[in-house]
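Every read-out reported here was derived from the displayed coordinates using simple, explicitly stated rules and does not represent laboratory data. The shown structure was predicted, so the numbers you read here are calculated from the model rather than taken from an experiment. With ideal geometry, Cβ positions are generated from the backbone for all residues, glycine too; neighbour counts draw on all protein chains shown.
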Amino acid sequence: MKILSAFVLAAACVLPFYSHAAPLDDAIAELQRDWEVIRYQTPESARLKRFEALSAKAHSFSQTFAGHSEPLVWEGIIVSSLANEKGGLGALSLVKQAKVMYEQAIALGGDALQGSAYGSLAVLYYKVPGWPLGFGDKAKAEELLKKALSVNPSGIDPNYFYAEYLVETGRGTEATPYLERALAAPPRPGREVADTGRREEVRQLMAKVKAL
């Protein structure tokens, strides 16, 4: 089964240790570029293998830059994306791993990458099945989504994810303002592929809301 359909993107880094700032920025930018090419520009049949390779790279970056939340966020995003492609029980194991990565990132500094760890973890909570199969928790998801919005209120991703959450929990009539904010979000330098892909997802969700 497909557990997840979309994942958090982020553009800015807040770095607590400036001696590693440039190498860390470069590593995060590399993961972002690779992820968005696989997510939005790679045929579905080739995504699994490419996400497997990218997850190994992300893990090496998390080890190299231990003590920083940013690589953990991106490792979580990539592992979650791998779960989406893999499906089945193997996917559930992977999203549990991603959950731990996001929690570790939040413990190190949840506001890094414009609060992406909060939004990414929220997606898991509202996409993954609840007990006894998984850890899904709609109330926890909403709490995290609101936290993500408090950190980045005009961002395309937190607004999209909250709108998607509202639709999936039967509150689609509340989603339109968040979708409008997502479409109005300022472009992120160097993230044109991701922004284009996310805006298309926003438009698709808007059409779904209008049909309710």
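Things to note:
- Taking the average, over residues, of other Cβ atoms within 10 Å as the packing measure, peptides 155-167, 187-199 rank 155-167, 187-199 from highest down.
- All other residues whose Cβ lies under 12 angstrom from that of residue 27 are scored, Lys and Arg at +1 and Asp and Glu at -1, for a net of -4.
- Net charge of Cβ neighbours under 13 Å - reference residue 109; Lys, Arg +1; Asp, Glu -1: -3
- The charge dipole of the chain, taken about its Cα centre with unit charges on the Cβ atoms of Lys, Arg (+1), Asp and Glu (-1) only, comes to about 520 debye.
- Proximal lysines relative to residue 208, as straight alpha-carbon distance under 28 Å, when same-chain residues fewer than 8 apart are discounted: 2, 86, 127, 138, 140, 146, 147
- Given their separation in residues at 0.36 nm each and the Cα-Cα distance between them, residue 93 and residue 133 gain 13.3 nm when the chain is fully extended.
- Straight-distance crosslink candidates among aspartates and glutamates, where the alpha carbon sits under 18 Å from residue 57 and sequence neighbours closer than 8 are dropped: 25, 26, 30, 34, 36, 70, 75, 85
- The H on the amide N of residue 42, modeled in the peptide plane, is under 5 Å from the matching H of no residue at least 5 residues off or on a different chain.
- Gyration tensor (alpha-carbon) shape descriptor, the chain, a/c threshold 1.5: rounded
- Mean separation of Cα contacts under 8 Å, 6 or more apart, over the residue count of the range 18-210: relative contact order %: 14
- Amide H to amide H, with H built 1.01 Å from N, residue 136 comes under 5 Å of 130, 131, counting only residues 5 or more places away or on other chains.
- Theoretical ellipticity at 222 nm over the chain - DSSP helices of four or more residues, -39500 (n - 2.57) apiece, nearest 500: -24000 deg cm²/dmol
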